[in-house]
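Please treat every number below as a calculation from the coordinates, not as lab data. Quantities reported herein were computed from a predicted structural model and do not represent experimental measurements. Don't worry about glycine lacking a Cβ; one is built from the backbone with ideal geometry, like all the others, and counts go over all protein chains shown.
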Amino acid sequence: MTVLGAPVDPELVGAWESGTYRPTENELFALADVLWCRTTELMGIDEPRTLAEHRLARQFSVPRLTRTIKMDTTEYLKAEAENRWPGNFRQTLSLLHALNISLRQLEAATGPCDAMYGTSFSEVDQ
């Protein structure tokens, strides 16, 4: 895991396994890569239910995802904390693409995505 940027020692692995220590996001991503398993398996969930879980399932850090979808980091973190999606049409499309989720999955996690309704694709091209 050190090669993946997450140096660990045996005591830390033991703490993860016993549940006394929760891995950081980078440690979680590295552990999933080393074990060749899905991040959700390590998270103990079948399917992501929240915006944060969807992000972690795709191994995105907050800074990397916000750069990808062109959203302010503070605004995105608020969205995760409140489970409400404030993104505009382009940000929403970018998020759906980056996380490889459907609008239905996003709305299940955050409620209605107002930016997706009443906007035609021709308006986005302008």
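Where does segment 49-115 land on Rg(C-alpha)/(2.2 N^0.38 Å)?
0.93
In nm², what is the average projected area of the convex hull enclosing the Cα atoms of segment 3-108?
7.2 nm²
In nm, to one decimal, how far is the modelled label at Glu82 from the one at Ala108, with both set 7 Å along Cα→Cβ?
The answer from the label model is 2.4 nm.
Would you mind checking the tilt of helix 89-99 against the longest principal axis of the Cα atoms of the chain, expressed as 0 to 90 degrees and rounded to 10?
It works out to around 30 degrees.
What number, rounded to the nearest 500 deg cm²/dmol, is the helix-based mean residue ellipticity at 222 nm of the chain, given -39500 (n - 2.57) per DSSP H run of at least four residues and division by all its residues?
-15500 deg cm²/dmol
Report the label-to-label distance for Thr74 and Glu25 in nanometres (one decimal), using points 7 Å from each Cα along the Cα→Cβ vector.
So the two model labels end up 1.8 nm from each other.
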